[in-house]
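> Sharing a structure here in structure tokens format.
What follows is calculated from the coordinates using simple rules that are stated; it is not laboratory data. Just so you know, these numbers come straight off a predicted model, no measurement behind them. Every residue, glycine among them, receives a Cβ derived from its backbone with ideal geometry; neighbour counts consider all protein chains shown.
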Amino acid sequence: MTEHINIVVAEPSDVIRRGIRSVLTADDSVPAIIAEVGRAELLRESLLKNRPDVLIVNPVFGAHLPPAAIRREFPDTRCVMLSSSHADASAKSLFDDMISVGDSAHTIREQILRPFASRKSSRNHDSLSQREKDVVVCVVKGMTNRQIADELHLSHHTVGTHRRNISSKLGIHSTSGLTVYAISSKLISLEEINGA
């Protein structure tokens, strides 16, 4: 089962909310369920309903529900300030982190999703069976399903099942993605890939 992170974007501007949603859903390495709140008086209700892992909030919402109150009531929610060019820099200390409407898409994804990507990757690495790890190594070496079946003494059908399970567990659907995963998880070295 794919693990999602819940995010609430609290911002009065439709354009900015939709932009943040678009940026965060452009990369499916960490699937996100995103709720949007356009009015400050609806923020608490949205937090109760969605129980987000991350709240991205424009500081103007703080007049209705201050960051300190959010922290007390929702201690497991990471509170990220959404800054604009005219935002009060002193407000930053009230939040766990900050992103700016002027940040690049890559920077925003990194700030919001990075903590979840590393936790997910370590959990999913542990959740792969040894046989699935063997299949990952073979895929990264460029072997076809038939070659993997012969190498690991499995049926062609079983290799296909292992590959589907790997994709489901890791949320990775490309050979290049599996290659990065396999190297970073130390299942295979770059030298082994180049020698394959």
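> If Lys and Arg each add +1 and Asp and Glu each add -1, what is the summed charge of the other residues whose beta carbon sits under 14 Å from the beta carbon of R131?
Counting the neighbours of R131, the net charge comes to +1.
> Okay, moving on. Indicate the gyration tensor shape class of the range 1-72 (rounded, prolate or oblate), computed on the Cα atoms with a ≥ b ≥ c the square roots of the eigenvalues: a/c under 1.5 is rounded; otherwise a/b larger than b/c is prolate and the rest oblate.
The shape class here is oblate.
> Among D14, D96, which comes first, second and so on when ranked by fewest other beta-carbon atoms within 10 Å?
Ordered by Cβ neighbours within 10 Å, fewest first: D14, D96.
> With each label point set 7 Å from Cα along the Cα-Cβ vector, what nm distance links S22 and L42?
Taking the simple label geometry, S22 and L42 are separated by 2.0 nm.
> Cut-off is 10 Å between beta-carbons; in what order do R72, R109 appear when sorted fewest neighbours first?
The most exposed by this proxy come first: R72, R109.
> Which residue, chosen from P52, H157, L42, occupies the Cα position most advanced towards the positive end of the dipole of the chain, where the dipole is computed from +1 (Lys, Arg) and -1 (Asp, Glu) charges on Cβ about the Cα centre?
Farthest along the dipole direction, towards plus: H157.
> What are the principal axis extents of the Cα atoms in the range 5-120, in Å, biggest first?
Taking the Cα atoms of the range 5-120, the three principal extents are 34, 30, 25 Å.
> Ok, one more. Tell me the label-point distance for the pair I33, S167, using the 7 Å Cα-to-Cβ offset, in nm and rounded to one decimal.
Calculated label separation equals 2.4 nm.
> State the extension gain, in nm to one decimal, for the chain segment bounded by N6 and A105, taking 0.36 nm per residue of separation less the distance between their alpha-carbons.
Full-extension gain reported as 33.8 nm.
> Can you tally the net charge around I188? Count Lys and Arg as +1, Asp and Glu as -1, for every other residue whose Cβ sits under 13 Å from the Cβ of I188.
0
> Another one. Obtain the nm distance between the two label points defined at I193 and S13 by a simple spin-label model: each point lies 7 Å from its Cα along the Cα-to-C-beta direction.
Output for this residue pair reads 3.9 nm.
> Would you mind checking the radius of gyration and Dmax of the range 128-195 based on alpha-carbon positions, in Å?
Final numbers for Rg and Dmax: 11.0, 30 Å.
> Which of the lysines could a cross-linker bridge to K141, judged by Cα under 27 Å and excluding same-chain residues fewer than eight apart?
K120, K133, K169, K186
> Using helices alone, I'd like the mean residue ellipticity at 222 nm for the chain: each DSSP H run of four-plus residues gives -39500 (n - 2.57), total over residue count, nearest 500.
-15500 deg cm²/dmol
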